[in-house]
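See structure below.
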Amino acid sequence: MASAASPTEITSIKAFAESNGSSPIPSTYHSLTEPRDDVADHLACSIPVIDFSHLTSHDPQIHASTVHQLANACAQWGFFLLTNHGISEKLMEEVMEKSHEFHNLPLEEKEEFADKGPLTAIRHGTSFHPQAEKLHYWRDYLKVITLPQFNFPHKPPGYKEVAFEYSRKIRGVARELLKGISESLGLDAESIIESTGFDSGLQIFAVNLYPPCPEPDLAVGLPPHSDHGLLTLLTQNGIGGLQVKHTGKWVNVNPLPNCLIVNTGDQLEAVSNGRYKSVMHRAVLNNRDTRISLVLVNGPDLDKEIGPALGLLEKEDPLFKTMKYRDYFEIQQMTRFAYKSGLDEIRLN
């Protein structure tokens, strides 16, 4: 019986959930370490909204006003909803549909993509890293490195093509956001892009699937964590579950139609010398609906030394030591097992 499987034998939480029905979940999936009632619903409507078309406007006043809004969003929340981003609703629907199709493939068809390590080009798995972790998470994932070289599964048919278009459009949006963020820090628009080697940088395309969980008050899809890159851009299939931490409280994220959800990552906190905090977030579960999130992590060049922007250090001391992004990425993957931030490893003083 599937319910008798040990957690390290569970190669797909989707398959396990479908065969396990409403039976209790294994105790090693009891991973909710903070009460779910510690949610500040009144703050949900305060999540910043940035109009991308205003950020890219040729009107100096509109652009400057939006850069100011962007600065506040990054400093106060590390998180915002992005509207009018220019990516068609049709393309977003196609990528979501194909992502669902991938997760619906028979397990044996996905075996060739079994996870072989964090920088493997294409990897499919469950939880975070079942062999090394003590607690497990109620999710399956597909993670693909789509930049600097594009990789992608060859099935289902048509997935690779829409994913290529989507990943490139997301990268373009992230690039424009970084220009605005550079300006908001008093730097040249291209400063962060150039200093981080962004145009030859890493992009990871992750598709997370969270099946209904019979005991959603015990488990989580992903525990509280920050992202390792500069900016993460996310969309989902209309099912809630993403929560962001703000002023010590968890806040449910209720996206606007056709928007992108954006959060700042560890590398941006380092580059901004602590002005823009890498935000903690988590994925909670429900017992009714399957949630899918498309998460594109946009980071620096893996071999670039990343640290506080030199333009900022003319007036302030560095808060972080400089480190190759590749080395930081490896540290961050390991510190997640200890429920710590990788930033603690590079923080000065």
Within the set of pairs 6+ apart or on separate chains, which have a first residue in the stretch 93-111 that is in contact (Cβ under 8 Å) with a residue 12 or more places away in the chain, a second that is of a type in the set (Lys, Arg) and part of a loop (DSSP other than H, G, I, E, B), and C-beta atoms under 7 Å apart? 105/155; 109/155
Please verify whether residue 303 is open to solvent by 60 Å² or more (accessible area, probe 1.4 Å), out of contact with any strand residue (DSSP E or B) (no Cβ under 7 Å at 6 or more places or on another chain), assigned to a loop (DSSP other than H, G, I, E, B) and over 28 Å from residue 38 (Cβ atoms), treating the condition exactly as stated. no
Residues within the stretch 212-231 that are closer than 19 Å to residue 267 by Cβ and outside any strand (DSSP E or B), tallied: 5
Can you tell me which of (1) out of contact with any helix residue (DSSP H, G or I) (no Cβ under 7 Å at 6 or more places or on another chain); (2) exposed (fewer than 14 other Cβ atoms within 10 Å of the Cβ); (3) without any contact (Cβ under 8 Å) to a residue 60 or more places away in the chain is the one residue 134 doesn't meet? (3)
Kindly provide the set of residues from the stretch 276-294 that are in contact with a strand residue (DSSP E or B) (Cβ under 7 Å, 6 or more places away or on another chain), open to solvent by 20 Å² or more (accessible area, probe 1.4 Å) and modelled with pLDDT of 95 or more, ordered by number. 290
Quick test for you: out of 177, 218, pick the one residue that is open to solvent by 30 Å² or more (accessible area, probe 1.4 Å), among the aliphatic types (A, V, I, L, M) and in contact (Cβ under 8 Å) with a residue 60 or more places away in the chain. 218
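Residue-by-condition table, conditions (1) of a type in the set (Lys, Arg); (2) in contact with a helix residue (DSSP H, G or I) (Cβ under 6 Å, 6 or more places away or on another chain); (3) open to solvent by 60 Å² or more (accessible area, probe 1.4 Å); (4) touching a residue at least 60 places away in the same chain (Cβ under 8 Å):
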{"position": "59", "(1), (2), (3), (4)": "no, no, yes, no"}
{"position": "74", "(1), (2), (3), (4)": "no, no, no, yes"}
{"position": "81", "(1), (2), (3), (4)": "no, no, no, yes"}
{"position": "85", "(1), (2), (3), (4)": "no, yes, no, yes"}
Would you tally the residues in the stretch 87-102 being among the polar types (S, T, N, Q) and open to solvent by less than 10 Å² (accessible area, probe 1.4 Å)? 1
Check on residue 161, more than 23 Å from residue 263 (Cβ to Cβ), assigned to a helix (DSSP H, G or I) and of a type in the set (D, E, K, R): yes
Of these, 234, 209, which one is under 21 Å from residue 100 (Cα atoms), open to solvent by 10 Å² or more (accessible area, probe 1.4 Å), in a strand (DSSP E or B) and modelled with pLDDT of 95 or more? 234
Considering only residues that are of a type outside the set (Asp, Glu) and over 16 Å from the mean Cα position of the chain (by Cα), look in the stretch 202-225 and name the one that is farthest from residue 289 (Cα to Cα). 218
Quick count over the stretch 248-262, residues being open to solvent by 10 Å² or more (accessible area, probe 1.4 Å) and touching a residue at least 60 places away in the same chain (Cβ under 8 Å), is 6
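The values are calculated or read from the model by the stated rules, or taken from the named source; none is laboratory data. In this text the structure is predicted, and so the values were computed from the model without any measurement. FYI the Cβ positions are ideal-geometry reconstructions off the backbone, even for glycines, and counts take in every protein chain you see. These accessible areas exclude ligands, DNA and RNA; they are computed on the full protein's heavy atoms, side chains included. Shrake-Rupley method; radii C 1.70, N 1.55, O 1.52, S 1.80 Å.
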